[in-house]
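Undergrad: Just passing along the structure, written as structure tokens.
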Amino acid sequence: MILGAALAGLALIAAVLSFAWTPHDITQLAIADRLQPPSAAHPFGTDHFGRDILSMVMLGARVSIAVALVAVGIGAGVGVPLGLLAAAHRGGWLDDLVMRGNDLIFAFPSLVIAILITAVFGPSALNAIIAIGIFNIPVFARVTRGGALPIWTLDYIRAAEVSGKGTALISLQHILPNIANLLIVQGTIQFSLGILAEAALSYVGLGAQPPTPSWGRMLAEAQTMVTLAPHVAIIPGLCIVLTVLGLNLLGDGLRDALDPRLKVAR
Amino acid sequence: MIARRTAGATRFTAARRRISVGVMLRYVLRRMISLGLSLLVASALIFSVVELVPGDPASFMLGTGAQPETVAALRQQMGLDQPLPLRYAAWVGALLQGDLGQSFTYKTPIGGMILERMQVSLPLALMALTLAAAIAFPVGIYAAARRGKAGDAAVMGGTQLGIALPNFWFAMLLVLLFAVKLRWLPAGGFPGWSQPDAALRSLILPAVALALPQAAILARVLRSALIETQGQDYIRTARAKGLTAGQTLRRHALRNALIPVLTIMGMQFSFLLAGAIIIENVFYLPGLGRLIFQAISQRDLIVVQSAVLVLVAAVIAVTFLVDLAYAAVDPRLRNR
Amino acid sequence: MIDLRDLSVTIRGTQVLRDVDLRLHPGSITGLVGESGSGKSMTALAIMGLLPHRAQIGGQVMLDGQNLLTMSEPALCKIRGRRIGMIFQEPMTALNPLMTIGDQVAEVLRIHHGMDRTAALARARERLDRVGLPDPRFPLTLYPHELSGGQRQRVAIALAIAERPDLLIADEPTTALDVTTQAQILDLLAGLVREEGMALLLITHDLAVVAGLADRVAVMKAGEIVEEGPTETLFRTRSHPYTHQLFAASRHAPSRHAPATGSPLLRIRDAVREYRLPGGDRLRAVDGVSLTIGRGESVGLVGESGCGKSTLTRAILGLDPLQGGTIALDGRQVMAGRRMPRDLRARMQVVFQDPFGSFDPRWRVARLVAEPFHLTDRPAGWRDRVGAALSEVGLHPDDADRYIHEFSGGQRQRIAIARALIIRPDLIVLDEAVSALDVRVRAQVLDLLAGLRRSHGLSYLFISHDLSVVRGITDRVLVMQKGRIVEDGAAEQVIDTPSAPYTRRLVAAMPRIPTDWVA
């Protein structure tokens, strides 16, 4: 978990730092220095325009993290209330409607949603966010409902009902705090999936548009020269792997740390 | 009391056996109705998203430099002068007769194009899923059996890495190693099924690239499902019967753990079918995903609309099959 | 014969069993009695060799001169199920839901004798017949979910005795079952011991169960056997103080002054509540119930699972609507949900069975106890009111700042009572409020309830599956069966001279300690 937090933290720091400072200015092209292997001046080497890859990677982290974070926000912001609503009216038509709607969105593979949206509205980082965010909604709705259902059967909910509390108040005061763990863990998972999805979309040109650097697009551009200078393809890929790995480890660690059952067992 | 209860049970069970085939049929029928409904709603959704394009579809497809007459002609050809519900009905009506429309760019029937692309996408998805399962099952079972020991920790670490791997990047590395350096397998392209050998060889690397991250997910799901079922009371009963830990795992835990695993495999299949778009790009494979992708860059909305629907229909059909598989595994679901 | 000698078990530094000596004779029943956490189940698991991996074991478990504790795991697998069988408490989850009952019983025979499936199924058929699941009515092809709890426990017994083991261990085999089903299962076990000559180790928390069944009894406390002997002698002499305490607590009835029952407080007329079943049929869970509870009266409502008492309770608490009839509290109509005025709701509170599920684990006790103030608007001095309520139930006012997981089961039930008291209701519904507690704690909570009733002039509706508990705390008892009230009378009268046939069956099935052993 500490390793995970460190890796994820590193990506975050790189992203934040890139607002203030990068080792080199990536708008300055230096064709003479293109495709250089890693060196003291360019720790990660340079790309086919002679741009510093470390600087590119730092700026790319910004896009990846922003897209994934906002997409998680959309998914949780819409999905959690829907899930709470469905659980509060479990077995009723509202529950049915929410769950059927979820199934329907699930039937659209996330990439297809993204492609459909970009086909209609044009490729951009914003549309990538919307596409990934829409796919996050049913995930959060499901986790929320799944976590809330067993809690609704507990006697402390009956006690709250006997105290005259309505479903909205109970959902807010009792259900939500008790499934917060679950949602935090799911949040980190969706965050890392968001980074992967953003990379994939950018790779096929449906995400962030030039000149904004992004990990996925760096890989797409590297593909043609992967035999000449493997580092151009390897470094952005490693950035993705390490960030996602870090987030997953963090999620696992949080799940263990926040689960009261595991705490008792330890 | 007991007499009355058991008498009731007799009538119940006898009746049950008589109707058990009927129960299963009714289950299938009910699932099929919901399948049809899902398809209907999905088609309406796709239709209305395409309707949302800025301007109208005809001018969108022709681009900004088009002559007004050309736009008007296309508008008429697409039936855009007719009201929306009528157009939707016409589209669905044609679909039901197997007519997916005609590509604007290539002027050929879309049904044939999709069928041709499916010959790449479907085998690729099946290969990847089989490979993923073949890796995930032994690994997941091994990790669950060694829970908390070094072997388990190693597997869990490895699967974490597998999940974090973007498959297109992994694909690039595979190409670098097996195609460029070792020259064992082709780096891309698809020779067609007239050369079955070469066709299969060209699908190996894409299948591996798709399968590995999925195998990692599947192995983790299987492991946690196994561990969950191993905490159940009936596992304790099985141990008290004299089954060894291994026998208990094989005979009791595995089948019960299969239900969540089936769910994930169903979702993965649809991902492999549609998510192969990216991998098809890396390997220049003429699959369904690439068809959609090309259609988008050519602004051929008719192809996009129909191909997306076919993909979604495939996913819904897989979900239906998974539901049937549930009922086959779990007797409790059959009479729901 | 099985012989435990100096059996000791330590798990992570905590000694859970200490020098346990126990002999289990063929054809005889040994009762192992104790409160939760006393080490009863650990003893059973130690005999089976199924203790958690981290457990350190000392002493001997001898079977035919062989020490099971030093045996290899493969050798133990040949003993389990063949020489020693075991059944557990929870029949609903003890069977594999995906396997037919025939295959589950046959599996025992197949692994121990390599019998082929047909032969094993034939033997399984015979064993299922023996446990009271005869052929045409209970085919081998049934799945567990098609059986009731009692029937599933019979299947569990069938597979435990499939190999005619020397020893059968039954760990709380009837605790999850209704009284009448319990009596049948206990009869079945006794019959098996008599006919097949096996030894039975019957583990239970219920003294009355062993009194009627066991030849010898061992009393366990904190991992040690404090007293052991022939059942009747042990019950008559109760030489160890702990045995004496258990015995007294299990028969405890709080002192009850004759109630001055006032005007009717709760009045139910022809209440009807139906559910739609998955198949489309309708189940009338509450079928024309009428009852009255007087001001200051304590009324018991007794019935087995599925009789409709939970449904009725939900309607009384204003959680579910009725489809027919009326419920009136002090002349004003009780309605479900928001339609019921808050001030009327505030006159009624509830205490539930489960001391663990009754409280939000993320709230402090002060907020938990104060939750009913939602009905009355929180008064200025609410923290003092919480402190006072905690004192009234025998806790300290400072406990208000702690979380619920810091309290024991009995303390939690006290907190639940404090929560019910905080807004000074007229009626408290006690829904199986002491059923999950050990006997000694239960006796204390019953005393507390009796005292509060006197001091606050409370009315109780005491819902329970257990007639003997109801007798101690209520003035009047209602017996419910299949959605109807079948008997209504003074507590002693209902239990000593029941009139309805169902009540008679219930009373007959109630395990009890013979009255002449008490003297």
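For (1) at pLDDT 80 or above; (2) under 20 Å from A:Ile13 (Cα atoms), each residue gets a yes or a no:
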position: A:Val204; (1), (2): yes, no
position: A:Pro211; (1), (2): no, no
position: A:Thr224; (1), (2): no, no
position: A:Pro236; (1), (2): yes, yes
position: A:Gly246; (1), (2): yes, yes
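Table: residues versus (1) among the hydrophobic types (A, V, I, L, M, F, W, C); (2) more than 16 Å from C:Gln349 (Cα to Cα); (3) open to solvent by 10 Å² or more (accessible area, probe 1.4 Å).
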position	(1), (2), (3)
C:Ser408	no, yes, yes
C:Arg414	no, no, yes
C:Ile417	yes, no, no
C:Ile422	yes, no, no
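Undergrad: Of everything in the stretch C:61-97, what is polar (S, T, N, Q) and either more than 13 Å from every other protein chain (Cβ to nearest Cβ) or outside any loop (DSSP other than H, G, I, E, B) (or both)? Give them in sequence order.
TA: Applying the first criterion (polar (S, T, N, Q)) to the stretch C:61-97 yields C:66-67, C:70, C:72, C:89, C:93, C:96.
Across the stretch C:61-97, the qualifying residues are C:Gln66, C:Asn67, C:Thr70.
Conditions (1) crowded, with 23+ Cβ neighbours inside 10 Å; (2) within 10 Å of another protein chain (Cβ to nearest Cβ); (3) of a type in the set (Val, Ile, Thr), marked per residue:
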site: B:Ile235; (1), (2), (3): no, yes, yes
site: B:Leu249; (1), (2), (3): no, no, no
site: B:Pro260; (1), (2), (3): no, no, no
site: B:Gly289; (1), (2), (3): yes, yes, no
site: B:Ala295; (1), (2), (3): yes, yes, no
site: B:Leu301; (1), (2), (3): no, yes, no
site: B:Asp323; (1), (2), (3): no, no, no
site: B:Asp330; (1), (2), (3): no, yes, no
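Undergrad: Answer yes or no as to whether C:Ala433 is part of a loop (DSSP other than H, G, I, E, B), crowded, with 23+ Cβ neighbours inside 10 Å and not hydroxyl-bearing (Ser, Thr, Tyr). Break it down stepwise before answering.
TA: Numbers: part of a loop (DSSP other than H, G, I, E, B): yes; crowded, with 23+ Cβ neighbours inside 10 Å: yes; not hydroxyl-bearing (Ser, Thr, Tyr): yes.
Yes: the conditions hold for C:Ala433.
Undergrad: Of everything in the stretch C:113-138, what is over 18 Å from C:Ile87 (Cα atoms), open to solvent by 20 Å² or more (accessible area, probe 1.4 Å) and within 12 Å of another protein chain (Cβ to nearest Cβ)? Give them in sequence order.
TA: C:His113, C:Pro134, C:Asp135, C:Pro136, C:Arg137
Residues checked against (1) over 30 Å from B:Leu200 (Cβ atoms); (2) among the β-branched types (Val, Ile, Thr):
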residue: B:Ser34; (1), (2): yes, no
residue: B:Val49; (1), (2): yes, yes
residue: B:Tyr88; (1), (2): yes, no
residue: B:Gln97; (1), (2): yes, no
residue: B:Gly111; (1), (2): no, no
residue: B:Ile114; (1), (2): no, yes
residue: B:Gln119; (1), (2): no, no
residue: B:Leu122; (1), (2): no, no
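Undergrad: Now, a different point. Going through C:Thr10, C:Thr14 one at a time, which residue ends up being β-branched (Val, Ile, Thr), open to solvent by 10 Å² or more (accessible area, probe 1.4 Å) and modelled with pLDDT under 90?
TA: On the way: C:Thr10 fails: modelled with pLDDT under 90.
Matching residue, one of C:Thr10, C:Thr14: C:Thr14.
Undergrad: Which of the helices (runs of 4 or more DSSP H) found entirely inside the stretch A:90-166 contain at least 1 residues meeting this: open to solvent by 40 Å² or more (accessible area, probe 1.4 Å) and within 14 Å of chain B (Cβ to nearest Cβ)? Before the answer, list the steps.
TA: Details: elements: A:93-107, A:110-121, A:125-152, A:155-162.
So the answer is A:93-107, A:110-121, A:125-152.
Undergrad: Given the structure, is C:Arg338 open to solvent by 60 Å² or more (accessible area, probe 1.4 Å), within 13 Å of another protein chain (Cβ to nearest Cβ), in a helix (DSSP H, G or I) and on the phi < 0 side of the Ramachandran plot?
TA: Details: open to solvent by 60 Å² or more (accessible area, probe 1.4 Å): yes; within 13 Å of another protein chain (Cβ to nearest Cβ): yes; in a helix (DSSP H, G or I): yes; on the phi < 0 side of the Ramachandran plot: yes.
The answer is yes for C:Arg338.
Undergrad: Looking for something touching a residue at least 60 places away in the same chain (Cβ under 8 Å) and among the β-branched types (Val, Ile, Thr) - is there at least one such residue anywhere in the stretch B:221-238?
TA: Yes, because at least one residue in the stretch B:221-238 is touching a residue at least 60 places away in the same chain (Cβ under 8 Å) and among the β-branched types (Val, Ile, Thr).
Undergrad: Suppose we filter A:Ala141, A:Ala107, A:Ala168 for residues that are small (Gly, Ala, Ser) and out of contact with any helix residue (DSSP H, G or I) (no Cβ under 7 Å at 6 or more places or on another chain); which single one remains? Let's see the steps before the verdict.
TA: Working: A:Ala141 fails: out of contact with any helix residue (DSSP H, G or I) (no Cβ under 7 Å at 6 or more places or on another chain); A:Ala107 fails: out of contact with any helix residue (DSSP H, G or I) (no Cβ under 7 Å at 6 or more places or on another chain).
Result of the check over A:Ala141, A:Ala107, A:Ala168: A:Ala168.
Undergrad: Would you tally the residues in the stretch B:175-202 being more than 10 Å from chain A (Cβ to nearest Cβ) and surrounded by 22 or more Cβ atoms within 10 Å (Cβ to Cβ)?
TA: 1
Undergrad: For the stretch C:466-488, check the following and say yes or no: at least one residue is without any contact (Cβ under 8 Å) to a residue 24 or more places away in the chain and either over 28 Å from C:Phe247 (Cβ atoms) or open to solvent by 10 Å² or more (accessible area, probe 1.4 Å) (or both). Break it down stepwise before answering.
TA: Looking only at the stretch C:466-488, we keep the residues that are without any contact (Cβ under 8 Å) to a residue 24 or more places away in the chain, and these are C:486-487.
Filter again for either over 28 Å from C:Phe247 (Cβ atoms) or open to solvent by 10 Å² or more (accessible area, probe 1.4 Å) (or both), leaving C:486-487.
Taking every residue of the stretch C:466-488 in turn, at least one turns out to be without any contact (Cβ under 8 Å) to a residue 24 or more places away in the chain and either over 28 Å from C:Phe247 (Cβ atoms) or open to solvent by 10 Å² or more (accessible area, probe 1.4 Å) (or both).
Undergrad: Restricting to the stretch C:503-519, give me the number of residues that are assigned to a loop (DSSP other than H, G, I, E, B) and open to solvent by 80 Å² or more (accessible area, probe 1.4 Å). Lay out the reasoning, then the answer.
TA: Restricting attention to the stretch C:503-519, the residues satisfying the condition of being assigned to a loop (DSSP other than H, G, I, E, B) are C:510-514, C:519.
With open to solvent by 80 Å² or more (accessible area, probe 1.4 Å) added as a condition, the list becomes C:512, C:519.
Looking only at that region, the number is 2.
Undergrad: Please specify each residue of the stretch C:336-375 satisfying the condition of being acidic (Asp, Glu) and closer than 26 Å to C:Pro397 by Cβ.
TA: At the first step, the residues of the stretch C:336-375 found to be acidic (Asp, Glu) are C:343, C:354, C:360, C:371.
Once the filter is applied, which keeps residues that are acidic (Asp, Glu) and closer than 26 Å to C:Pro397 by Cβ, the stretch C:336-375 yields C:Asp354, C:Asp360, C:Glu371.
Undergrad: Okay, moving on. Residues of the stretch C:122-154 being outside any helix (DSSP H, G or I) and among the charged types (D, E, K, R), which ones? Please lay out each step first, then the result.
TA: Keep residues of the stretch C:122-154 that are outside any helix (DSSP H, G or I), which gives C:131-143, C:147-148.
Result: C:Asp135, C:Arg137.
The rows are residues; the columns are (1) of a type in the set (Val, Ile, Thr); (2) in contact with a His (Cβ under 9 Å, 6 or more places away or on another chain).
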| position | (1), (2) |
| --- | --- |
| C:His145 | no, no |
| C:Glu163 | no, yes |
| C:Ala170 | no, no |
| C:Ala176 | no, no |
| C:Gly197 | no, no |
| C:Ile203 | yes, no |
| C:Val209 | yes, no |
| C:Asp215 | no, yes |
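Undergrad: Could you please give the count of residues in the stretch B:285-336 that are part of a helix (DSSP H, G or I), touching a residue at least 24 places away in the same chain (Cβ under 8 Å) and closer than 23 Å to B:Ile264 by Cα? Talk me through it step by step, then tell me what you get.
TA: Within the stretch B:285-336, the first condition is being part of a helix (DSSP H, G or I), and the residues that meet it are B:288-297, B:301-329, B:331-334.
Within this subset, residues satisfying the condition of being touching a residue at least 24 places away in the same chain (Cβ under 8 Å) are B:288-291, B:295, B:301-327, B:329, B:333-334.
Narrowing the set further to residues that are closer than 23 Å to B:Ile264 by Cα leaves B:288-289, B:308-327, B:329, B:333-334.
Here the count works out to 25.
The values are calculated or read from the model by the stated rules, or taken from the named source; none is laboratory data. Just so it is clear, the model here is predicted, and its values are computed rather than measured. Neighbour counts run over all protein chains shown; Cβ positions are idealised from the backbone, glycine included. The area values use the complete protein model at the heavy-atom level, side chains included, leaving out ligands, DNA and RNA. Shrake-Rupley method; radii C 1.70, N 1.55, O 1.52, S 1.80 Å.
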